[in-house]
Amino acid sequence: MRTTGGRILRQYACLSAIVVLAVLLLAPRRAEAYAWMIGHGYSGCSTCHADPSGGGLLIDFGRSEAADSLRSHYGSEPPAVDANLGLVQNPDWLLTGAGFRGMALSMKMDGAPATTNLVLMQADLRVGLRAGHWRAAGSLGIVQNGNSPAAVAGNLVAREYWLGFAFASDTILLRAGRINLPFGVRSIEHTLYVRQATRTDLNDTQQHGIALAIRAGDFRGEVQGIAGNFQATQDSFRERGYSGYLEWSPASRYAVGVSSLVTHVVEDVYFRAPNTRQAHGVLLRAAPVDHLVVLGEADYVVQAPARAARWSGVATMLQADVEVWQGVHLIGTGETYASGQPGTTTSWGAWGGIDWFFLSRVDVRLDYMHRAASYGAVRIPVDAFMAQLHFFL
């Protein structure tokens with residue numbers, strides 16, 4: 001039986017607050033999507049990644065660049081880190097990689113006792129190919145939460161897998177499979193409001209479909225026709241529509257762009273009713289001075305569930321990354337989310353952290369986060385301290 005519009009909205013308000021906390025505790029993170037690499041003169045992503053919009057599996061140049069540009073230097077050139085730790089040599093057409101991220105999380109919600117948890121956020125193996133015009137990539141890993149939308153069996157997850165064909169000297173890539181939605185700033189902080197409100201993170205919101213990525217001069221972009229998440233057991237839960245972005249980089253250390261997404265689903269997982277949602281936004285990546293990168297995004301988000309009032313809001317994010325020494329990053333982030341739902345206040349958050357790439361492919365990150373998450377007409381303060389160890393190939 002369908003719920004009434006008012007009851008749907010009340011349930012969604014309650015669930016939204018719960019999801020904010022649950023995601024922090026349980027959701028694993030994807031890695032290797034460092035939008036601040038524009039500070040090193042890389043305005044595009046396909047130079048280093050198999051995915052033309054960034055994140056995930058590295059190609060050979062990306063592997064060597066990671067060893068040189070990411071890690072701290074200690075008076076000498078860093079040693080090369082080969083694929084498979086140099087134990088097995090890949091043929092020219094084969095790409096392999098892996099990612100592990102573990103976290104110790106201490107969290108205190110207003111009015112509740114503090115909790116501390118060890119969280120396995122990522123333990124993925126990756127493989128890909130670049131043979132002639134053919135391109136492919138896929139991942140397989142394990143998580144603590146078997147309810148992930150990326151789950152294929154129990155705690156086993158396949159976040160992405162696709163097959164593609166490249167044209168025009170790799171400036172055009174057509175691919176099909178389970179793909180990261182092309183939208184907004186691609187970053188590892190998947191719990192940011194801009195990622196949650198638009199449902200476009202690198203963690204587990206990938207969708208099956210067909211995507212076309214193009215690079216032409218100072219422009220790059222990608223658009224995906226969304227067929228739905230076929231790892232979902234019920235077809236009525238599958239969203240269908242499109243997602244895409246277009247970015248212009250007038251100089252190697254500056255990029256501005258726009259993003260757009262429209263989907264429809266027969267039974268939204270939050271509303272349990274048909275829903276058409278939209279997200280349209282702008283993004284900024286800039287390195288105005290050496291060792292400083294600014295990332296920004298603002299998205300207009302619309303929800304239109306059946307038999308309920310249509311409502312719209314805005315999610316924003318602004319982040320500054322200062323590389324105080326080669327491989328050592330001080331990161332500050334501010335964010336807001338005004339859902340536009342009647343009777344709700346604006347949620348906001350502030351993050352501060354340090355990330356140190358002390359070895360090739362290894363970094364440790366410490367973050368403090370304070371959020372005031374909207375729960376109806378009140379905000380619930382949440383404080384969290386996160387310590388992460390990350391290793392990738």
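The values are calculated or read from the model by the stated rules, or taken from the named source; none is laboratory data. Owing to the predicted nature of the structure, the values given are computational and were not obtained by experimental measurement. As a convention, Cβ positions derive from the backbone with ideal geometry for all residues, glycine included, and neighbour counts pool all protein chains shown. Protein only, heavy atoms only, side chains kept; ligands, DNA and RNA dropped before computing areas. Shrake-Rupley method; radii C 1.70, N 1.55, O 1.52, S 1.80 Å.
The table below lists the values:
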{"read-out": "R0 of 51 Å, Cβ-Cβ distance Q144-A168: FRET efficiency to nearest 0.05", "value": "0.75"}
{"read-out": "Part-to-part distance (alpha-carbon centres) for region 98-137 and region 140-182, which is given in Å", "value": "15"}
{"read-out": "Fluctuation leader among Y161, Y300, Y270 - the chain, Gaussian network, Cα springs under 10 angstrom", "value": "Y270"}
{"read-out": "Most mobile of T333, T191, T171 in a GNM of the chain (Cα contacts under 10 Å)", "value": "T171"}
{"read-out": "Region 262-293 residues near the modelled F230 label - backbone nitrogen below 19 Å, point 7 Å along Cα→Cβ", "value": "264-266"}
{"read-out": "CD proxy at 222 nm, helix term only [per DSSP H run n ≥ 4: -39500 (n - 2.57); per residue of the chain; nearest 500]", "value": "-2500 deg cm²/dmol"}
{"read-out": "Cβ-placed point charges (K, R +1; D, E -1), dipole of the chain about Cα centre in debye, nearest 20", "value": "1300"}
{"read-out": "The chain, accessible area per residue, ligands and nucleic acids excluded (1.4 Å, Å²)", "value": "41"}
{"read-out": "Region 210-262: Cα Rg divided by the 2.2 N^0.38 Å rule of thumb", "value": "1.48"}
{"read-out": "Cα-projected label distance for V289 with L330, points at 7 Å along beta-carbon direction, nm", "value": "1.2"}
{"read-out": "Solvent-free Debye scattering, log10 I(q)/I(0), computed from the Cα coordinates of the chain at q = 0.07, 0.10 Å⁻¹", "value": "-0.30, -0.64"}
{"read-out": "Rounded to whole Hz, the Karplus (6.51, -1.76, 1.60) HN-Hα couplings of region 377-382, x for glycine and proline", "value": "8, 10, 10, 9, x, 9"}
{"read-out": "Relative contact order %, the chain, counting alpha carbon pairs below 8 Å whose residues are six or more apart", "value": "16"}
{"read-out": "Angle in degrees between helix 5-26 and the longest Cα principal axis of the chain, rounded to the nearest 10", "value": "30"}
{"read-out": "Region 135-262 shape via C-alpha gyration tensor axes, a/c threshold 1.5", "value": "prolate"}
{"read-out": "Square roots of five times the Cα gyration tensor eigenvalues for region 280-368, Å", "value": "35, 14, 11"}
{"read-out": "Pairwise centroid distance, computed over Cα atoms, of region 218-293 with region 311-332, Å", "value": "19"}
